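Trainee: Sharing a structure here in structure tokens format.
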Amino acid sequence: MNNVKRANKSEIEKIFVELCHVEKENRDKGIDILYDYITKNRKCLNEHKITYICKGLFYYYWLCYSMEEQKKCSLKICRLIHKFNSKNNKKKKNVFLFVQCFLQVMSNKYDNLDIHRLNKYLFLFRVFQAEILMFFHINAWNNLYLKKYNKIFLQYFDDTSELYYNYIDTFIKEFLGNEYFLKSKKQEQRNYNTKQFLLLIDPFFKIICMTDQKYVMDLINKKVFLLIKKMKHIKKKLLKKKIMKYIHKCKVKYGLKILKNFYDVINSSSSKKNKKEKGKDNKGKEKEKKVPIFLENFQTAFHTTDESNTMTTPSQLKENGNIKNIDEQKEIHLLNHTNVLNNDNKLLKNEDMLTNNDKVNFSNDVQLNNECVKDDEIQNKKKKKKRRSPFWIY
């Protein structure tokens, strides 16, 4: 047993040396050997060994200088999460050990970094964040895995560290980025519900209730809460319950103020939506009820229930064989029209067709028309006189 332990130890040490080598080729060999080692020795791994691996990965990334090399190496480091993942192990013990050791090493080493390497490691941390979200997606956002991750994250969270400040700044961006990536691969259906999402963002509520740093609370409000408000598929009722839960718990004044404002924003947005929906329903009902006034009058005046008043159409008359000539058709229409007028005498009495003033105006118009006709006749006679043929024709 001791010989086996020594063999394993020496193998990890060899991997560590290769990862920290100055030559790029040796480092690439080291990362490939590490992938094989993890797949073969999943059952033998423990916290000590994984911590040793994470330290080697830290220095492996330290020696990456070009942007392209940093991108490739950061993906190789962070995708080890999926290598630690074994299908048979439902608890995912090695995965969460790797997450724990990675956060521990990164938070300890980050404070000692020089200015030129800060952004490099912030980028690595962001890629690590994205791969964790992808791990949750693959495992259908299991509640047990989310709770384990939240516990580890809060254990190593430091409100004075830029590393975690950057984590808050980019969390929702990476979450939405992963959704966009999955949509591009035609996996359009979301495999998480509102409860799972609220469990994922639970640490941010806890940080607001425990930190004294105002800039951290402002960042959570701006980069997390306000972006959640824009997510239409999240159920607002469950979100309001979550906020109310932490409003009762929170003892930090500034944090309590942010939570109350967040609740008011969500409440106002949900009430506006309800008003719009009600308004649309009412408009639809009004459109169904509304009928133009002249149509109503027309129906009451002419479309009576008596069969004698209903006017038969030419097509109906043709079908019955009643029409022989156009004159007969005209006579039938006139008879029908007189019947309608007789039945509607009451309406015609109430409404005078022409007033006395209208009659006077009408007579004046007739006189003017007669004068205009006379003027036209005189002008036409003058034109005829002018159009006489030349004398040589005679």
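Trainee: Which pairs have Cβ atoms under 6 Å, sit 6 or more apart or on different chains, and link a residue in the range 218-232 that is closer than 13 Å to residue 197 by Cα to one that is surrounded by 14 or more Cβ atoms within 10 Å (Cβ to Cβ) and not aliphatic (A, V, I, L, M)?
Mentor: So the pair list comes out as 224/204; 225/262.
Trainee: Select the helices (runs of 4 or more DSSP H) contained entirely in the range 36-98, then report the ones holding at least 2 residues which are of a type in the set (Lys, Arg).
Mentor: 47-62, 67-78
Trainee: What about residue 132, is it closer than 24 Å to residue 36 by Cα and assigned to a helix (DSSP H, G or I)?
Mentor: It is true that residue 132 is closer than 24 Å to residue 36 by Cα and assigned to a helix (DSSP H, G or I).
Trainee: Also, I was wondering about something else. I'd like the full set of residues that are outside any helix (DSSP H, G or I) and under 19 Å from the mean Cα position of the chain (by Cα), limited to the range 202-233.
Mentor: Scanning the range 202-233 gives 230, 231, 232, 233.
Trainee: Give the residue that is surrounded by the most Cβ atoms within 10 Å (Cβ to Cβ), with candidates limited to residues of the range 246-255 that are in a helix (DSSP H, G or I) and in contact (Cβ under 8 Å) with a residue 24 or more places away in the chain.
Mentor: Within the range 246-255, the match that is surrounded by the most Cβ atoms within 10 Å (Cβ to Cβ) is 255.
Trainee: State all residues of the range 33-46 that are over 16 Å from residue 81 (Cβ atoms) and surrounded by 13 or more Cβ atoms within 10 Å (Cβ to Cβ); if no residue qualifies, say none. Spell out how you get there, then give the answer.
Mentor: If we filter the range 33-46 for residues that are over 16 Å from residue 81 (Cβ atoms), which is where we start, we get 33, 36, 40-41, 43-44, 46.
Passing the criteria: 33, 41.
Trainee: Considering the range 12-32 alone, what residues qualify as being over 17 Å from residue 84 (Cβ atoms) and part of a helix (DSSP H, G or I)? Break it down stepwise before answering.
Mentor: So the first thing to find is which residues in the range 12-32 are over 17 Å from residue 84 (Cβ atoms), and the list is 13-14, 16-18, 20-30.
The answer is 13, 14, 16, 17, 18, 24, 25, 26, 27, 28, 29, 30.
Any read-out appearing in this document is the output of simple, stated calculations on the displayed coordinates, not a laboratory observation. All of these numbers come straight from a predicted model, not from anything done at the bench. Please note: Cβ atoms are built from the backbone with ideal geometry, for glycine as well, and neighbour counts cover all protein chains shown.
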